[in-house]
Amino acid sequence: MARETTGSPPESVISIIGPGMTVVGDCETEGTVRVEGTVQGSIKAGKAVVIGKQGKVTGDIVTQDAVISGYLSGTLVAESRLELQATCHVDGEIRTRRMQLEEGAVLNGTVQMGDRKKAAPGATVTSGPAGQAPPPEGSRTSAPAPVRR
């Protein structure tokens, strides 16, 4: 006899890493990951990542939305929205479209915001024209050309 399953769609599933639990390795889901314990590795979640007050992540995070209340060391790419709550401590690079930063939050690193396509963690991001190397130290450079509007 065939058994029918009426499982939840993957994007509505919430995976919880509970207090006292340590995950060593990468986590990936189409839904949401909530971290109340420790993760030593990267997290990729199709919907959201939530790090609770006691949560600790050492690794990169890629997701649509993120709410950080605990500790994060690594690169965080939140394609849509990021909320850094007053109890959070973030060391690393952040790339997001929108960000809410509460008073008391600690953020040490770089932040890129906007609608530009985001490079994957570990990719090289340059701010100058492609292929142009910086001038040698001590060399003279000409003044930049005026901008015409």
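Derivation of every value follows stated rules applied to the coordinates shown; laboratory data play no part. Predicted model, so just to flag it, every value in this text is computed and none were measured.
One table, with the values for the structure above:
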quantity: Solution diffusion estimate, µm²/s, Stokes-Einstein, segment 10-113, Kirkwood Rh from C-alpha pairs, 20 °C, viscosity 1.002 mPa s; calculated: 165 µm²/s
quantity: Fraction of beta bridges assigned by DSSP in segment 10-113 that are antiparallel (%, nearest 5); calculated: 0 percent
